[in-house]
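Below is one structure, written out as structure tokens, with a few remarks after it.
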Amino acid sequence: MMKASTDPTEWRTTMIGGSLQAFREDPLLFMCRLHQSHGDYARFRLGPQSFYAIFQPDMLKEAMVTKADAFSKAGAFDEIKRLTGEGLVMSNGELHDRQRRIVQPKFTRSHIQAYAAQMALSTHRIIANWAHVQERELTRDLFKITFDIMARTLFSYNSQSTLEQIEKAFDSINRIASEKIRSLIRLPLLIPTRQNREYAAALRLLDEIVFGIIAERRQNQEREPQDLLSVLMGSVDETDQTGMSDRQLRDELMTMFLAGHETTAHTLAWAFDYVMKRPDIEEKLLQEWERVLDGALPGAEHYNELEYTQNVLWETLRLRPAGYLTGRTAMVDTKLGDLALRRGDAIMISPYPLHMSPAYFEDPESFRPERFDNDLMKKLPLMAYFPFGAGPRSCIGNHFAMLEMVIILAGIGQSFRLRHIKGHPPVVPEALLTLSPKGGIKVVAERR
Ligand code: HEM
């Protein structure tokens, strides 16, 4: 007989499924409750597989930074490999280290400054078509802008004619892949359910586009622009002196396609959602934009001065971390604090329960960009706030993302006043591949 318990997660734990139902319904709430009931770490079961959830900053630091070599990213999130293959997000070991070394120079803080003009231009070009007063689906607009920026800056690819199809494909993949991950189902796509057909068609479409970009670049190599694709194509393996195969190139491009636009689009959507609800914050932003930009397009040279804009985004990433869940599998027997892990043990990591902890953030539920004033991040323990992960698998696009989001938030915000459409229900998070605003956000955009 199951014992009576004060554990708030246990009432939904079954003998057969473990905590699968509660996890599927709301992984963020599930992780927070585990943290509240168990403290530093908790063991739980999803279907046949058991996991450790880690909530203690020093243990997290060991898992992600100091003992990162003891872990691989294989495990619960393998479904993502169907899309990204052996690209940077999901590869492991030497392959990962080598690819990261090749890609890293294009993402340094100084290098991404060169992308700022394109970031501002893409934003400006897309919002130039907005009417004076118009109802808009904000999440779709932000998808268009962030995809355009990622495709042009990293691959010199103009996605205007394919954007609608790409958006539809990503929508299918996002819904179906996250459902598969949450149910821990990894059936071959050959089983012709309606969902599998939709999923396979979306993957095929993105494959066609990506292989098309690679083929075109191979034909025009002498005129090639100096972007991430040219770096990937020009790289040579130190051991066997070979270049990357089309397959490996495809995996890296697809990885950037996936990791490089939706995260930023959704974070921006959440930022606008908070700002629209708080005229006092909007007013402070407007004052900053007037003082720093005075009507000019935002650029890299303004970034440091747009401090409040950055803090609005840091606070958004605290409450709505787009990368809300990741996993690792122990490759060897190892320890995190006093927790002994055996080879093959799987761990799950979410920044959300720490971001919501009163131990690190006063009044954690409320949106207060000011809390990031005076270098809060330097004062917090390393793993109390980690929207971009940490260690050798941290987000390679973190500087890219912050610069881009500051430019888009200021670019749109100084030209348009956005408000939720009348009667808009509160926007709630949906844990898809990234933390999405469920059902999107409908706004009225009014030119300032
Ligand atoms: C708000 C925006 C973003 C957020 C919140 C975010 C979050 C994250 C997080 C948490 C990780 C680590 C996952 C783990 O530990 O397993 C990660 C990895 C990664 N991100 Fe981002 N990301 C963002 C934007 C971007 C952008 C713009 C790019 C590329 C242009 C990008 C490319 C990547 C890649 C390639 C990895 C894998 C790195 C590796 O394993 O070596 N991300 N991201």
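The values are calculated or read from the model by the stated rules, or taken from the named source; none is laboratory data. Note that the coordinates shown come from a computational prediction; the quantities given were computed from them, not determined experimentally. Cβ placement follows ideal geometry from the backbone for every residue including glycine, while neighbour counts extend to all protein chains displayed. These accessible areas exclude ligands, DNA and RNA; they are computed on the full protein's heavy atoms, side chains included. Shrake-Rupley method; radii C 1.70, N 1.55, O 1.52, S 1.80 Å.
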Rg followed by Dmax, in Å, when the chain is reduced to its Cα trace
22.0, 72
Please give the residues of the stretch 406-426, grouped as numeric ranges, whose backbone N is less than 16 Å from a label point set 7 Å along the Cα-to-Cβ vector of residue 442.
419-426
For a test of the definition: using alpha carbon positions, the gyration tensor, and the 1.5 limit on a/c, classify the stretch 106-260 as rounded, prolate or oblate.
oblate
Just how far, in whole angstrom, is the stretch 105-130 from the stretch 47-86 if you go by their alpha carbon centroids?
32
Over the stretch 224-356, what is the relative contact order in whole percent, taking alpha-carbon pairs under 8 Å and six or more residues apart?
17
Give the ranking of 436, 161, 37 by solvent-accessible surface, highest area first, calculated with a 1.4 Å probe.
161, 37, 436
Return P(r) of the stretch 30-171 (all Cα-Cα pairs; 10 Å bins starting at 0; whole %; ordered from short to long distances).
9, 24, 28, 25, 14, 1
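How long are the semi-axes of the equivalent ellipsoid of the stretch 261-308, defined as square roots of 5 times the Cα gyration tensor eigenvalues? Whole Å, largest first.
With the √(5λ) rule applied to the stretch 261-308, the semi-axes are 20, 16, 8 Å.
Using alpha-carbon pairs under 8 Å, 6+ residues apart, how would you state the relative contact order of the stretch 10-447 in percent?
So the answer I get is 27 percent.
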Among beta bridges assigned by DSSP with both residues in the stretch 10-447, the antiparallel ones amount in percent, to the nearest 5, to 90
Kindly flag which residue pairs out of 81/180; 168/438; 168/422; 180/438; 277/438 have an alpha-carbon separation exceeding 23 Å in this structure.
168/422
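Which of the helices in the chain, when you take each full DSSP H run, stretch at least 15 Å along the axis at their Cα atoms and have an average Kyte-Doolittle score of 1.0 or higher?
Correct list, ordered by number: 398-415.
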With all protein chains present and a 1.4 Å probe, how do 26, 237 order by accessible area, largest first?
26, 237
With all protein chains present and a 1.4 Å probe, the order of 315, 86 from largest accessible area down is 86, 315
Relative contact order, percent, the stretch 50-141 [alpha-carbon distance under 8 Å, six or more residues apart]
12
Please turn the phi angles of the stretch 229-238 into ³J(HN,Hα) values with the Karplus equation 6.51 cos²θ - 1.76 cosθ + 1.60 (θ = phi - 60°), one per residue in order, whole Hz, x for glycine and proline.
4, 5, 5, 4, 5, x, 6, 10, 5, 5
Please say if the stretch 220-379 is rounded, prolate or oblate, where rounded means a/c under 1.5 for a ≥ b ≥ c the square roots of the C-alpha gyration tensor eigenvalues, and otherwise the choice is prolate for a/b larger than b/c and oblate otherwise?
oblate
If each part is reduced to its alpha-carbon centroid, the stretch 226-252 and the stretch 374-392 end up apart, in Å, by 33
Spatially proximal lysines relative to residue 378 (Cα-Cα < 18 Å; intrachain offsets below 8 disregarded)
61
